[in-house]
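Scroll down for the structure; my scribbles are underneath it.
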Amino acid sequence: MSHEELINEAFKAMKNAYAPYSKYHVGACVLCKDGTLFYGANIENASFGGTNCGERSAIFAAYSNGYRKQDIEAIAIVSDGNTLASPCGICRQVLSELLEQDTPILLSNGKQRMDTCISQLLPFQFGESDLSR
Ligand code: THU
């Protein structure tokens, strides 16, 4: 599957966003090396803090089905905003643990497009190795 096709799949996932509060819709799609796709969308909550971002929904779906970072080819994250849906800080932390450092992260809002990876988005990471003393 091409990067363009993966972005199109993320736009399909965006249709399932539950965002009655922000009205900002995010979709994500994880492409696994065996061709399996996992979809995610942002799911909001009246408590606000209970909200889950689209990219975390998608990567958690992949992990929940037994896939791990080495099985993942790329992730596309899209929004209907005027700017690219650059992953929030919490998502960057989560992706830093659940993706390989150089796995392509494809961002699009239908007008702008950027390809990046978690080592670019989150330098000087806190991770598992910091917990060993
Ligand atoms: N959101 C995401 O889904 N991903 C991000 O990385 C940024 C923010 C969602 C959360 C919330 O539902 C809405 O966008 C506004 O913050």
*Taking SER47 as the residue in question, decide whether it is open to solvent by 50 Å² or more (accessible area, probe 1.4 Å), over 16 Å from ALA74 (Cβ atoms) and either near the ligand (Cβ under 10 Å from one of its atoms) or touching a residue at least 12 places away in the same chain (Cβ under 8 Å) (or both).*
no
*Any hit, segment 64-74, residues being of a type in the set (A, V, I, L, M, F, W, C), modelled with pLDDT under 95 and surrounded by 11 or more Cβ atoms within 10 Å (Cβ to Cβ)*: no
_Just to be sure I understand, how many residues within segment 16-29 are closer than 15 Å to SER108 by Cβ and either more than 10 Å from the ligand (Cβ to nearest atom) or outside any loop (DSSP other than H, G, I, E, B) (or both)?_
4
_Pull out all pairs, ordered by first then second residue, where Cβ-Cβ is under 6 Å, the residues are six or more apart or on different chains, the first lies in segment 22-44 and is over 19 Å from TYR67 (Cα atoms) and touching a residue at least 24 places away in the same chain (Cβ under 8 Å), and the second is in a strand (DSSP E or B) and open to solvent by less than 20 Å² (accessible area, probe 1.4 Å)._
VAL26/SER79; GLY27/ALA41; GLY27/VAL78; ASN42/VAL26
_Checking the structure you have, find out if any residue of segment 89-104 is touching a residue at least 60 places away in the same chain (Cβ under 8 Å) and in contact with a Cys (Cβ under 9 Å, 6 or more places away or on another chain)._
yes
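The values are calculated or read from the model by the stated rules, or taken from the named source; none is laboratory data. Model, not experiment: these values are computed from the prediction. Here Cβ is always computed from backbone atoms with ideal geometry, including for glycine, and neighbour counts include all displayed protein chains. Areas reflect the complete protein model, heavy atoms only, side chains present, ligands, DNA and RNA absent. Shrake-Rupley method; radii C 1.70, N 1.55, O 1.52, S 1.80 Å.
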